[in-house]
1. Per residue of segment 94-102, in order, report the coupling 6.51 cos²θ - 1.76 cosθ + 1.60 (Karplus, θ = phi - 60°) as ³J(HN,Hα) in whole Hz, putting x for Gly and Pro.
2. Kindly give the semi-axes, whole Å and largest first, of the ellipsoid equivalent to segment 43-117, taking each as the square root of 5 times a Cα gyration tensor eigenvalue.
3. Multiply the residue separation of TRP44 and ASP64 by 0.36 nm, subtract the distance between their alpha-carbon atoms, and state the gained length in nm to one decimal.
4. Need one number: nm distance between label points at VAL91 and ASP53, each 7 Å from Cα along Cα→Cβ, rounded to one decimal.
5. Output the pairs from LYS81/LYS115; LYS80/LYS112; LYS80/LYS115; LYS86/LYS112 with a Cα-Cα distance over 22 Å in this structure; if there are none, say none.
Amino acid sequence: EEEEEEETNEEGKTVESDDETNSSLSLLSIYYSNKKADVDDFDWAVQCICGQDDDDGEAMVGCDNCVRWQHVECLYPRTKKAPEGKFLCTVCLPRETELSPGEARAYQAYMKKQKEKGAIRLTRSA
C-alpha cells in the first residue's frame, strides 16, 4: 500500500486534503467572487460597517481601490473627518474600526430618528 504524506501548515498542524475540503474551498471561492461581482457591477455602492447599503445623505468616504462608500462617522466618530490621502474601505483593508458594526448600526439608527424629528439637517459639502 502507498502511504499518503500528510500536509502541514506553518504551525505544523495537519491539513486535510480530501475532496470535502477542496469542495468547501471551491464553494467559498465562488461565494466570495460572486460577492465581489455584486459590488463591482456598479459605478459605486454603499457598503458600510453599520450595514447601510443605500445613500442616506450622510457624509461618506469612497474607497480608492473599489467602488464601496462608507459613512465617515461610522469609521471616524471622534474626528468626523475623512482621512487625507488614499482611503481603503474595510473590505479591501480589513481592520478594527473605532466603532464595532453593532455600535455603528445603533449610531445610524439614532441619527435616523433625529432626522425624522427634524433635529438634524443633512449638510454635505460640495
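Values quoted throughout were computed directly from the atomic coordinates according to the rules given, and no laboratory measurement underlies them. Source: prediction; values computed, not measured. Here Cβ is always computed from backbone atoms with ideal geometry, including for glycine, and neighbour counts include all displayed protein chains.
1. x, 6, 6, 10, 4, 9, 6, x, x
2. Values: eigenvalues 77, 36, 26 Å².
Over the Cα atoms of segment 43-117, the semi-axes work out to 20, 13, 11 Å.
3. Numbers: separation 20, 0.36 × 20 = 7.20 nm, distance 1.12 nm.
Computed gain between TRP44 and ASP64 is 6.1 nm.
4. My value for the distance between the label points is 1.0 nm.
5. Result: LYS86/LYS112 exceed 22 Å.
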